[in-house]
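Data block below; observations after.
The values are calculated or read from the model by the stated rules, or taken from the named source; none is laboratory data. The model shown is predicted, which means the values in this text are computed figures rather than measured ones. Neighbour counts run over all protein chains shown; Cβ positions are idealised from the backbone, glycine included. For accessibility, only protein heavy atoms count, side chains too; no ligands or nucleic acids. Shrake-Rupley method; radii C 1.70, N 1.55, O 1.52, S 1.80 Å.
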Amino acid sequence: GICYFPPLDGPRSSMPAEIPHPHSEYSQWKFKLFRVKSMERAPAPSQPLTAKDAVLGSTMSAASIIQSESGAGPESVMKLCFGGKSKENVESTGERVDRKLEEMDTHMNHLRCLCRLCGTTLRKVNGLVHEVHSDLDSRDKGVLRKMGCKSTSWPEVILKVFKVDVTGDTEAVHPLTFCHRCWMAAIRGGGVCSFSRMIVPEWEPHSSLCTLCFPKKCSFQRTGRKRRRSIPRVQSLAKRSRWEHVKSIPVGERKVLRPFGNRQHSFILRGWKRPSIQREQWLNISHCTKDHLSTDLISGKLPVDFLYSFTCLVCAHLLSDPLQLPCGHLFCRSCIQKYTCVVGSHCPACKLPCDPSALISPDKAFLSALYSLPLLCPREGCGEQVRLESFHKHIKDHDLRVTDKEIQLSEINNNLLASKGGRPRQHLLSLTRRAQKHRLRNLKNHVRIFADKEEGGDLKSVCMTLLLLALRSGNEHRQADELEAMIQGKGFGLHPAVCLAIRVNTFLSCSQYHKLYRTVKAISGRQIFQPLYTLRAAEKELLPGFHQFEWQPALKNVSTSCNVGIINGLSGWGSSVDDSPIETIARRFRYDVALVSALKDLEEDIMEGLREKGLEDSACTSGFNVMIKECCDGMGDVNEKHGGGPVVPEKAVRFSFTIMSVSVIADDDEKEATIFTEPKPNSELSCKPLCLIFVDESDHETLTALLGPIVAERNAMKNSRLILSLGGLPRFFSFQFRGTGYDEKMVREMEGLEASGSTYICTLCDSSRAQASQNMVLHSITRCHEENLERYEIWRTNPFSESIEELRDRVKGVTAKPFMETQPTLDALHCDIGNATEFYKIFQDEIGEVYRKGNPSREERHSWRSALDKQLRKKMKLKPVMRMNGNYARRLMTLEAVDAVCELVPSEERREALRELMRLYLQMKPVWRATCPAKECPDQLCRYSFNSQRFAGILSTAFKYRYNGKITNYLHKTLAHVPEIVERDGSIGAWASEGNESANKLFRRFRKMNARQSKIFELEDVLKHHWLYTSKYLQKFMEAHKDSVEALQATIDPLEKLDDDMTLEANHF
């Protein structure tokens, strides 16, 4: 393969004697370059030569001179460079240009017949042909709009679905149409993604080695040799190199395009054999003639193409348990498995390589059409037309009829109870389940055959009917009536969700519920309540971690897994700030998973709201906005003291959330429409628990470490959108979080402020206690989370080198790092409790006439408090409490309580001042307690500023002895900030923490219900059952079964109920 030349005397004499072979890589590149230059840039005979062409011509003439000097003619040089004569050497320039144009025209005609996206010939695909660069018509646009796609042209859809940019396509390189199959793939993917495994080919310009125009091998085309006929054998594939055994892309009829890589791609001709010879060889592999059905059994004349689609391409029989390859061809399961084991892992029809694990089941519609094919029974004298799915059963029925008498005789012999000298035959019910199946196998086969033939395969109804007839024949009419009611769907058994709702709402432990289940079943003889395992199955659908979802974009530093249940709240925190292990227990749900479960729980309410607003699915493509209320509060000492508890109190903190509203903006409307609003925002039934921690709420470092992951998940969800299936369609959800359900102590912990006794009295403004007492009304909200962070940095760095008092005055009491953003608002529940505590102290001072005296002693104050408690207990039936709570505060802040207190106040003037103060307070209270004050109390809202100024005037005059230079935190917020908060948020009472506070008693109930050895499992059970307690799904079941006690009594003793009904009917007549 190496040529040697004699040395030349010219300038090339210094070249090496060894020259590469003319068919090496370098010579091929040189050959291509020469052909392209000569065909594209050669001028016509009538055109003058340019300067560049003149230089090129002079160079070529010089080369010809050198060749003539060396004794080599032009023919030998052309043979040396090109391997022989070429058409370009003997044709003129004009003829070469015309031939080039003809080749381009032929190439473009080939492109017009192919699909741009899959490379398939368009005539092979049934359906319309679609243009690549056209706009979407109204029908396609409407279909994609319902799926959330807003594209208006096909290039945008193709870029999203097939990841191919077709905007720069040209007619000479790319096809300009695509087939109906690719159109279906784009529509099914919603214009966003593709569910097919299609590989889009790469299209290249026309060249001398074009795979579309010259599909044959170069060696055959050059030499013209006759192809040798291949010897028939099982392995019909041509031998390929290693890099050819990859997935190929179908283009045209008998051509495949190799995937594009470092090598030059080209078309491959598949080895072809006569189908009859191939099937004879493949039948020797599959051996399925006796098992699979022939196509000759089909009754009636069906189209050949239709029949061919239900035929196995290996054995030519009807498909049996069909499987589908990625290329789309169908085969019997046994045939394709044996074929791939013997021949190799490739498709028998198109020779494409395939992985055995890529075999999938066909579409359900195809299977339905296959199993409904009509077949004629081949038995003599039958001629019945049977569906394919019941053909084998029909043949077995023939076989059973032939040997029916023999089977009956064998059953009689098998069921004889005569002793044969061995172990006595045991009763059927005393056997194991396996032995029972073995003994009843013949009866089971008979019943199945009868059910398939007469009852459409409903085996359960046949067995229940047999049992019903047996009970009737034995005069067991009561059990027969129950069984008949169950058959008719009127059974007495409760739904598992109803049983779960009863268990959760009655706080029954697993053992208590199981005892109830067994007792009711033993007394009534019926399974009214469901066993525990069915309740656990119902729990999984209601707890977080069951539903699938997706975030777009994905949440930062949050796992994409959806099946996440209760997790350890200490995960990721090995040690605390002091490098010592955290001695606490924390269990929580992942925030995003919990929100998904809560939204699925509200699915019926959200869809009902859409129907009431008259909004269609196609008009809600912008997504839904969800408003979340967050609550966090300490539960105090939750230790179960049974005689000897720990010395240190066991305190707990719960973080929970409530879905306040769900709104949507329609495409044709700019106004946001609210489709769901929580009817009871302050109920413990709507406050869903997220995290339970055994920790003291005043421990700032530990609380920061444990709530840090929740804060991170919350911040990540603010910048992303949730994709969740609701109402059968994927929908977008955006979330807004408001941390409003915190008391004064928790707000100061989260925002890094000083304690409640600090000089800086308010968490909403920068006023000190003295400033607030001097000006009780005129203040505005100035604090925010970002400003508190900046002030903490000033406190930490002290950039101005100030003293501790000056620095404290500069940062306005921010001495710790804020770790969670809270909404600057007023908590209505703690406002009532705080104000009631202050009025309780005012009552004591008025009884003792402190306005006349100086500083009373402790004994005097104790006597005044005793007198007040005695009077309230006598008149209002209020028992004294160690600590003010919500119920005591509501009963204390009434005019009746003031009248009772005024009986102990000696001065009539002071009595009138107390009554006026309480009257003004009761007029202001509905404004911050109402869920929607603009609708519920518009008059009090309009007069609030006037009433607050009168209230402040009375405090600064009649009660000056108590409010001279000081005022309580909640009185300041009540008088100064309520109108501004209502104007901004619309309500204060709806965003209160009353639901979270009401759930404190639930924690103790659930803890007592799930008492276990380990506190870890105990905390998990409490969190799980508290979540189920707040489920809207279970609450609806409880509302539907309010009279469950009467229903239970009726099921236990139905005879009395029946007698009562008969008596009523007799009286009526």
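Just a yes or no: is a residue in region 835-850 surrounded by fewer than 19 Cβ atoms within 10 Å (Cβ to Cβ) and assigned to a loop (DSSP other than H, G, I, E, B)? Yes: region 835-850 contains one or more residues that are surrounded by fewer than 19 Cβ atoms within 10 Å (Cβ to Cβ) and assigned to a loop (DSSP other than H, G, I, E, B). Among residues of region 182-209 that are more than 21 Å from Ile360 (Cβ to Cβ), those with a beta-carbon under 7 Å from a residue that is buried (at least 19 other Cβ atoms within 10 Å of the Cβ) and small (Gly, Ala, Ser) at least six positions away or on a different chain give the pairs Gly190/Gly148; Gly191/Ser151; Pro201/Gly119. Would you confirm, using the coordinates I've provided, whether Asp869 is surrounded by 15 or more Cβ atoms within 10 Å (Cβ to Cβ) and under 60 Å from the mean Cα position of the chain (by Cα)? Yes: the conditions hold for Asp869.
Does Leu975 satisfy the condition of being under 48 Å from the mean Cα position of the chain (by Cα) and at pLDDT 90 or above? So Leu975 passes the test. Filtering Pro938, Pro926, Pro906 for residues that are at pLDDT below 90 and surrounded by fewer than 19 Cβ atoms within 10 Å (Cβ to Cβ) leaves a single hit, Pro906.
The residue pairs whose first member lies in region 907-920 and is in contact (Cβ under 8 Å) with a residue 12 or more places away in the chain, whose second member is of a type in the set (D, E, K, R), and whose beta carbons are closer than 7 Å, counting only pairs six or more residues apart or on different chains, are Arg910/Glu846; Leu914/Glu846; Leu920/Arg950.
Take Asn798 and decide whether it is of a type outside the set (Lys, Arg), on the phi > 0 side of the Ramachandran plot, at pLDDT 90 or above and outside the structural domain of His972 (by the TED database). So Asn798 fits the description; yes.
Considering region 990-1038, the residues that are hydroxyl-bearing (Ser, Thr, Tyr) and part of a helix (DSSP H, G or I) include one that is surrounded by the fewest Cβ atoms within 10 Å (Cβ to Cβ), namely Ser998.
The single condition from (1) β-branched (Val, Ile, Thr); (2) within 42 Å of the chain's Cα centre (by Cα); (3) at pLDDT 55 or above that Val256 fails is (3).
Just one residue in the set Gly965, Gly953 is over 21 Å from Thr658 (Cβ atoms), of a type in the set (Gly, Ala, Ser) and not in a helix (DSSP H, G or I); that residue is Gly965. Within region 159-170, does at least one residue satisfy the condition of being outside any helix (DSSP H, G or I) and within 17 Å of Pro730 (Cα to Cα)? Scanning region 159-170 turns up no residue that is outside any helix (DSSP H, G or I) and within 17 Å of Pro730 (Cα to Cα).
The residue of region 494-519 that is modelled with the highest pLDDT, among those that are in a loop (DSSP other than H, G, I, E, B) and loosely packed, with under 15 Cβ neighbours inside 10 Å, is Thr506.
Could you look through region 190-210, keep only residues that are at pLDDT below 80 and closer than 24 Å to Pro326 by Cα, and pick out the one that is surrounded by the most Cβ atoms within 10 Å (Cβ to Cβ)?
Met198
Return yes or no: is Cys182 modelled with pLDDT of 50 or more and either part of a loop (DSSP other than H, G, I, E, B) or not assigned by the TED database to the domain that holds Val129 (or both)? Taking the combined requirement at face value, the residue does not satisfy it.
Comparison of Ser773, Ser768, Ser686 shows that the only residue that is polar (S, T, N, Q) and free of Cβ contacts under 8 Å to residues at least 60 places away in the same chain is Ser768.
Residues of region 695-738 that are assigned to a strand (DSSP E or B), open to solvent by less than 40 Å² (accessible area, probe 1.4 Å) and touching a Ser or Thr at 6+ places or on another chain (Cβ under 8 Å): Leu722, Arg731. Residues that are within 15 Å of His830 (Cβ to Cβ) and touching a Leu at 6+ places or on another chain (Cβ under 7 Å) were ranked within region 880-891; the one that is surrounded by the most Cβ atoms within 10 Å (Cβ to Cβ) is Tyr888. Within region 333-362, the set of residues being modelled with pLDDT under 85, under 36 Å from the mean Cα position of the chain (by Cα) and among the charged types (D, E, K, R) comprises just one member, Asp355.
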